[in-house]
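A short write-up of the structure that comes next.
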There are 2 protein chains.
Amino acid sequence: MKITLAEIAKKANVSKMTVSRVLGGKGPIAVETRRRVMRIIDDMGYHPNLIARSLASRRSMILGVIIPWKEQLLLDNYVAQVLSGVMDSARNHHYRILLCPVEITRDDEKQYLNIARTRLLDGMILVQTKTDDPNIDALADTGFPFVLVNQRRYSRPCNFVDSQNIKGARTAVRHLHGLGRREIACVAGSMDESNGRDRLLGYRRAMKELGLPVREDRIVYGDFDQETAYRESLRLFEGGRRPTAVFCSDDYMAIGVVKRIQDLGLRVPGDVAVVGFDDIEAALYVQPALTTIRQPMVELGRTSIDILLDLIDGKQKSPVRRLLPTELVRRDSA
Amino acid sequence: MKITLAEIAKKANVSKMTVSRVLGGKGPIAVETRRRVMRIIDDMGYHPNLIARSLASRRSMILGVIIPWKEQLLLDNYVAQVLSGVMDSARNHHYRILLCPVEITRDDEKQYLNIARTRLLDGMILVQTKTDDPNIDALADTGFPFVLVNQRRYSRPCNFVDSQNIKGARTAVRHLHGLGRREIACVAGSMDESNGRDRLLGYRRAMKELGLPVREDRIVYGDFDQETAYRESLRLFEGGRRPTAVFCSDDYMAIGVVKRIQDLGLRVPGDVAVVGFDDIEAALYVQPALTTIRQPMVELGRTSIDILLDLIDGKQKSPVRRLLPTELVRRDSA
DNA sequence: CTGAAAGCGCTAACAG
DNA sequence: CTGTTAGCGCTTTCAG
């Protein structure tokens, strides 16, 4: 259980360096030597101490995933899917994933930086950050490799991968328009996240392109939350002419809105058509099944790792920016 | 960015050891010295290199979570919830979580062991292992601290935390009986997992207790999978007298069974009542909302970490065994 | 209460 | 192709 490289070296009558080379598979080794050392390694059941290796080589082969902490974090379908993609790609490249839940507070702007400074990680993926998160700036100043997922930063060039949110939102609105709906409302997500902003932007643009007026009283803010969307969306149906369609910036809100509409005695999609965004698992289970703009969340995770590793290996230079395409998924709600 | 403890020591005119003590908060330090050193640490923005610390102290403050690898791993609601609990408790105890997806193969029985031998981890949580997984034995032989979640091992005493599966299944069957149903079928889960076995056992016991015959043609095996359950459950409804109720060993299968029943032109719960197990997120969204036996998945994760840390600190001795209570959640399907 | 010495187990860099 | 020499940055252990 506590065999070290030195013991293998002694047993094989070679230097530690030779054993190290055999293990690394790099440098030049005589076939015969390699075989002999290998045998002893197997016989003794030796496995290198990765901590020691990391200290000496300054490479831990560990990547961190920073996620804003909340209870039952992984019940957030977006986070779960992105992380699945992250694990998949990391595995393929023989990297390990360390989970770093972080509680964002006003008084400490260096949390990400401090995690980087532990030297435990070769790079970081940041998920669901806010557009004004000062932690990012502190980190970026150091040159430590990291990639933002779900964040197209405006203030400063950063590596990121995100979906084509503006385009996706336009697709949604155009779809509703194609169904003959003209009174199209919008339930927007959080304005602290770039995709919340972008999807609202896409809605506005599409409306303009289609020659429809953008009425501010047809826009409510749901903060990417089912309950909030349920509560806030009531306003849309109280005025005079009620909307005949609603575009929601994510599926959780869409589910809340559908519930609101049904509770008001109206029908989806008969009276009001609803389109969501993301294509979370629940979109399929809900009644009526949700028509939505699918974003490739697993792929987002995979791509973020691919970019990060290129950055670490110096194969690409910052800033790397990538936008993945979205896709309309037609179901029953619109 | 590359400040070391030695530099702090020099600037403060003390030995490295003193700085180390200040950092650790342990040993005796003069108040004045501590204050001075602290100031310098803050001023210089020093953060200890955790790799070096781990190597020297033989403690990484990292715990591993072993999960059988599959695509989109975290879309499995059970895994997601357990992991959420794990993260929560680990955070509270200042431990970090390393994800270790593992592909179980026949030819390597030492995968868990090999992960332990990297010395990267202070302990391990094993999720969703099979009852006959030989990797566990190899690991147990070494005394390395680990806790099984979702696994009540029969063959050998291990630390574990699981739900009261037998009791939960009995509650489900009794509930159906209480609704006046007498023809109660069972869709069992995988027989390779102890909870699949236990829930079937609970079904059998409850039937016997209620004076109902246990008919083997009323039991099908769905492998904890929605599609499989949909396919296999057809058999239940083909014979003569069809069941008026079905107990399913998990919610994914229950969803498949409900779909099967509806596709046959029957109604849930009118013609056939259905009870699931787990209370996954989708149970709420599905139509009709699923009546189910809730197991405390997040709590399972939290408890596993608590046990593991006690083990590591020597506060408890193996084997620690804990069973958490389940609870009937009445919704619309039964 | 503080310090000195001695590693933890491995790899980088250079020599041969 | 292989070995030697120096660490990586911290903690342990034992003195003082």
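With respect to the conditions (1) within 14 Å of chain A (Cβ to nearest Cβ); (2) of a type outside the set (F, W, Y); (3) part of a loop (DSSP other than H, G, I, E, B); (4) in contact (Cβ under 8 Å) with a residue 24 or more places away in the chain, B:I125 falls short on a single one, namely (3).
Examine segment A:294-306 for a residue that is in a loop (DSSP other than H, G, I, E, B), at pLDDT 95 or above and of a type outside the set (F, W, Y), and state whether such a residue exists. So that I can check it myself, show each step before the final result.
Here is the first cut: in segment A:294-306, the residues in a loop (DSSP other than H, G, I, E, B) are A:295-296.
Filter once more, so that each one left must be at pLDDT 95 or above: A:295-296.
Now drop any that are not of a type outside the set (F, W, Y), which leaves A:295-296.
Yes, the conditions are met somewhere in segment A:294-306.
Select, from B:I66, B:I41, B:I8, the only residue that is among the β-branched types (V, I, T), touching a Leu at 6+ places or on another chain (Cβ under 8 Å), crowded, with 17+ Cβ neighbours inside 10 Å and more than 30 Å from B:I307 (Cβ to Cβ).
It is B:I41.
Checking A:S89, A:S54, A:S84 one by one, the residue that is more than 21 Å from B:D76 (Cα to Cα), buried (at least 20 other Cβ atoms within 10 Å of the Cβ) and out of contact with any Phe, Trp or Tyr (no Cβ under 8 Å at 6 or more places or on another chain) is A:S54 and no other.
Considering only residues that are more than 7 Å from DNA strand D (Cβ to nearest atom) and closer than 26 Å to B:R119 by Cα, which ones fall in segment B:1-18? Correct list: B:I3 only. Checking each residue in segment A:19-37 for being more than 7 Å from DNA strand D (Cβ to nearest atom), surrounded by fewer than 17 Cβ atoms within 10 Å (Cβ to Cβ) and closer than 29 Å to A:L120 by Cα picks out A:G24, A:G25, A:K26. Residues in segment B:46-74 that are more than 12 Å from DNA strand C (Cβ to nearest atom), touching a residue at least 24 places away in the same chain (Cβ under 8 Å) and more than 25 Å from B:S89 (Cβ to Cβ): 1 in all. Note on segment A:250-284: residues that are assigned to a loop (DSSP other than H, G, I, E, B), over 15 Å from A:A334 (Cα atoms), of a type outside the set (A, V, I, L, M) and in contact (Cβ under 8 Å) with a residue 12 or more places away in the chain amount to 1. Annotation: of all residues in segment A:281-300 being more than 10 Å from chain B (Cβ to nearest Cβ) and not hydrophobic (A, V, I, L, M, F, W, C), the one that is surrounded by the most Cβ atoms within 10 Å (Cβ to Cβ) is A:T292. Can you say whether B:G85 is of a type in the set (G, A, S), within 9 Å of chain A (Cβ to nearest Cβ), in contact (Cβ under 8 Å) with a residue 12 or more places away in the chain and more than 16 Å from DNA strand D (Cβ to nearest atom), as far as the supplied structure shows? Taking the combined requirement at face value, the residue satisfies it.
Does B:Y230 meet the test of being part of a helix (DSSP H, G or I) and over 15 Å from B:T292 (Cα atoms)? Criteria met by B:Y230.
Would you confirm whether or not segment B:323-332 contains a residue that is surrounded by fewer than 20 Cβ atoms within 10 Å (Cβ to Cβ) and part of a helix (DSSP H, G or I)?
Narrowing segment B:323-332 to residues surrounded by fewer than 20 Cβ atoms within 10 Å (Cβ to Cβ): B:323-325, B:327-332.
Checking which are part of a helix (DSSP H, G or I) leaves us with none.
Within segment B:323-332, none of the residues are surrounded by fewer than 20 Cβ atoms within 10 Å (Cβ to Cβ) and part of a helix (DSSP H, G or I).
Would you check if A:D107 is modelled with pLDDT under 90 and either more than 9 Å from chain B (Cβ to nearest Cβ) or under 27 Å from B:H93 (Cβ atoms) (or both)? For A:D107, the condition - modelled with pLDDT under 90 and either more than 9 Å from chain B (Cβ to nearest Cβ) or under 27 Å from B:H93 (Cβ atoms) (or both) - is met. Of the residues making up segment A:110-122, those that are more than 7 Å from chain B (Cβ to nearest Cβ), assigned to a helix (DSSP H, G or I) and not aromatic (F, W, Y) are A:Q111, A:L113, A:I115, A:A116.
Mind checking which residues of segment A:128-150 are in a loop (DSSP other than H, G, I, E, B) and among the polar types (S, T, N, Q)? Listed by number, the residues that qualify are A:Q128, A:T129, A:T131, A:T142, A:N150.
The values are calculated or read from the model by the stated rules, or taken from the named source; none is laboratory data. Note that the structure is predicted; figures quoted are calculated from it, not measured. FYI the Cβ positions are ideal-geometry reconstructions off the backbone, even for glycines, and counts take in every protein chain you see.
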